[in-house]
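Working notes, structure below.
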């Protein structure tokens, strides 16, 4: 395949200005993504739709996001870094405008789809640019800045979104992106230059693009709607699953057989040991983080009756510990074996997740502070060393491609695990209910005593319905206990996964030298 080599003489731009230019739009893309999750009930009420219908606001973004992430390196080479960034920041801003002024749910979904197209490449491109721009001895600082934009703003999302929807309106979640997007385009135009010796592809891998799109589209629909439609008990879920699996296998085979210069993504980078293990570990970190981000506020709002603001505020201690660790992690990455940092980070993640397994319906708001602080420490101690090590042994020409694939793996894992965790809570709740209902029996004296006491409270003079009300209240209590035990089970499962991953970091290779 014929290619043109374009060499651009770059002017020296201060590293802090490059970092600020790249990470400003990335951070707000992360913020808008997680803040939307809290606003879904308000969006559904505004458009007069059900929660299941409103969930397409999240699904459409994730589909577009997942499709664009692995195309980052290919599109960057095709358009040039400067045009690439300006185009996708503009798309994200345009999508935010549509979301903010949408007058129907369909228009809202369209806006989120455009937002996902624009926001998808922001995380991998910012990681690749920072690793390429910062010298080797300052890579810890580069990844600390990257973690601040990606992790801290993602964790802040529920707090920010909860405050917005309780005090202003959900539209402000998207309105704040408009001036930030315009300012970011100006910054990119002035400070970001095209990469040296970029290779411009002359042909488009249409078959690879189509198979990738079909795989991610069908997979996301199955994950998002599976629990609602009883998974494989529904024929169309089975059909979409088969299409997704076939498209995934076809995509891998096609990309491996395709000319590496023409391929949409170069899957051969998975031969690199650091890249493969780092991607597994990075995806696992995301998995644990997002399970707790989704389930903890959900538990507090549904089981404890917290408002959206308080549900989001429950994650605030995690943000604070992340920020403190970002100040400390730079010198630690430079002086301590990064594999030790990663293992220690997984230990913190495991301890904090197992502490969530002690939740009950009598806890105070302060109970979640300590596990959230430990979670924030673990997030930074794993995320930053992994972000540096996973691309450390790849050639510079493959940084954008590797960052895109790494981000895609994390995106797919996150979508899968968030869906899996919700399904586990629902299914395990049914399992526990099956066992607990054995105690709700007329032959159980304790149960009969409780029902009689409760029926007495419901009596006003003489009421034939008091006993029925008492039994209904007992059944509601049984459902609450079943759901509580399901949450505990899910947290225990992911705590065990974190403990299991502690020694894996020592399979990574440390690259020495500049």
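No lab work stands behind these numbers, since they all come straight from the coordinates. Since we're looking at a predicted model, the values are computed, not measured. When we count neighbours, we look across all protein chains shown, and the Cβ atoms used for this are built from the backbone with ideal geometry, even at glycine.
Worth pointing out:
- Quick note on region 217-369: its Rg to Rh ratio, both from C-alpha atoms and Rh being the Kirkwood radius, is 1.06.
- For region 67-90 versus region 310-368, the inter-centroid distance based on Cα atoms is 33 Å.
- Compared with the alpha-carbon gap, the fully stretched path from residue 253 to residue 178 is longer by 22.9 nm at 0.36 nm per residue.
- Kirkwood Rh in Å, taken over all unlike Cα pairs in region 206-257: 11.2 Å
- Packing-based ranking, highest mean first, of 277-283, 320-326 given that Cβ atoms within 10 Å are counted: 277-283, 320-326
- Residue-span extension gain [residue 477 to residue 207] - 0.36 nm each, minus C-alpha spacing: 91.8 nm
- Here the label points at residue 435 and residue 500, each 7 Å from Cα along the C-beta direction, are separated by 2.0 nm in the simple model.
- Within region 382-401: backbone nitrogen closer than 11 Å to the residue 340 label point (7 Å, Cα to C-beta): none
- At R0 = 22 Å, FRET efficiency that the Cβ-Cβ distance of residue 245 and residue 427 yields, to 0.05: 0.50
- Contact order normalised by residue count of region 206-257, Cα under 8 Å, 6+ apart, percent: 49 percent
- Stretch gain in nm, segment residue 316-residue 186, where the contour uses 0.36 nm per residue and the Cα spacing is subtracted: 43.6 nm
- Cα-based convex hull volume of region 331-435 per residue, rounded to whole Å³: 133 Å³
- Two-site FRET efficiency, residue 493 against residue 369, from Cβ-Cβ distance with R₀ of 25 Å, rounded to 0.05: 0.60
- Under 14 Å from a label point set 7 Å out along the Cα-to-Cβ vector of residue 510, no amide N atom of region 265-282 is found.
- Residue 229-residue 268 pseudo-label distance in nm [points 7 Å out on the Cα-to-Cβ vector]: 4.0 nm
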